[in-house]
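A.B. asks: Right, I'll just put the structure down here and ask away after.
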Amino acid sequence: MKQITDLLQRMDRTTRLTLGIALAVALVAAIGLSALNGRIKTLEKKRVSREADLKEMMTLKVRYLEASAVSQRLSNRLAATKADDSPAKIVEEIGIKGKGSQVKPVKGEEIPGYVEDAAEVKIEGLTSNEAVNLLYRLEKGTRPVAVKKALIKQRFDDQSKVDVGLTVALIKPAPQGSR
């Protein structure tokens, strides 16, 4: 340290001043780079955080679009329901008939804003393929139908045939005055 001070005292005034200014500029540059580096690290953390948020939002967007599509399909099915539709009419429109069929109205559940028209449907003498087609067409048809209960029994007299007992509910919008 003493050698450095001796060296500096031996230099002329302008050289010392130039050396001091260069040293001050180097210190200011180091401080500036340090602050800039801190800011870059902060921005990098923000970028990583926002990328994670964006990934989460993209998955939420996909889930939202799927839910929206399901909701739209259900809305379209509900809009296709007419006031005179009934479970018996829907089963008849499907066109799957066995040896004998029977439809008995039952009380549906109460759903706010909707009317549930329920019926117990019994069809005898169907093939298993016809029974599956009946269930599929009820569930995936153009109107909002829910199969609440299904009982499929094999016939004793003909093992290739089944008897089907279903509790079917048709969901319709409630009339405007009953909300």
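A.B. asks: I need the peptides 57-64, 130-137 ranked by packing, meaning the mean over residues of other C-beta atoms within 10 angstrom, with the highest value on top. Don't jump to the answer; show the numbers that get you there.
C.D. replies: Numbers: 57-64: 10.2, 130-137: 16.8.
The densest-packed peptide leads the list: 130-137, 57-64.
A.B. asks: Right, something else. Per residue, how many Å² of accessible area does the chain show with a 1.4 Å probe?
C.D. replies: About 75 Å² of surface per residue is accessible.
A.B. asks: If each residue of separation counts as 0.36 nm, what is the full-extension length gain between Gln72 and Lys89 once their alpha-carbon separation is subtracted?
C.D. replies: 3.7 nm
A.B. asks: Rounded to the nearest 0.05, what FRET efficiency do Lys99 and Lys140 have when you use their Cβ-Cβ distance and R0 = 25 Å? Walk me through the intermediate numbers first.
C.D. replies: Values: r = 26 Å, r/R0 = 1.02.
With a Förster radius of 25 Å, E is 0.45.
A.B. asks: A follow-up question, please. Carbon and sulfur atoms: what percent of the 1.4 Å accessible area of the chain do they account for?
C.D. replies: Carbon-and-sulfur percentage of accessible area, whole number: 60.
A.B. asks: Which FRET efficiency value, to the nearest 0.05, do you get for Met58 and Leu33 by plugging their Cβ-Cβ distance into 1/(1 + (r/R0)^6) with R0 = 45 Å?
C.D. replies: In this case the efficiency is close to 0.80.
A.B. asks: Here's a follow-up. For the stretch 1-100, with the dipole built from +1 on Lys and Arg beta-carbon atoms and -1 on Asp and Glu ones, taken about the Cα centre, which of Val62, Pro87, Val25 lies farthest toward the positive end?
C.D. replies: Going by the charge dipole, the pick is Val25.
A.B. asks: Related question: So if we plug the beta-carbon distance of Glu120 and Lys82 into 1/(1 + (r/R0)^6) with R0 = 25 Å, what FRET efficiency do we get, rounded to 0.05? The partial results should precede the final answer.
C.D. replies: Working: r = 22 Å, r/R0 = 0.88.
Calculated transfer efficiency: 0.70.
A.B. asks: Of the listed pairs Lys82/Lys122; Lys61/Lys82; Lys82/Lys148; Lys2/Lys41; Lys107/Lys140; Lys55/Lys172, which have alpha-carbon separations greater than 32 Å here?
C.D. replies: Too far apart for the 32 Å limit: Lys61/Lys82; Lys2/Lys41; Lys55/Lys172.
A.B. asks: Per residue, what volume in Å³ does the convex hull of the Cα atoms of the chain enclose?
C.D. replies: Working: hull volume 48.4 nm³, N = 179.
Dividing the Cα hull volume of the chain by its residue count gives 270 Å³.
The values are calculated or read from the model by the stated rules, or taken from the named source; none is laboratory data. Keep in mind that what you see is a predicted model, and the values were worked out from it rather than measured. Because the Cβ atoms are built from the backbone with ideal geometry, glycine has one as well, and the counts that use them run over all protein chains shown. Just so you know, the surface numbers come from the protein's heavy atoms only, side chains and all, with ligands and any DNA or RNA stripped out. Shrake-Rupley method; radii C 1.70, N 1.55, O 1.52, S 1.80 Å.
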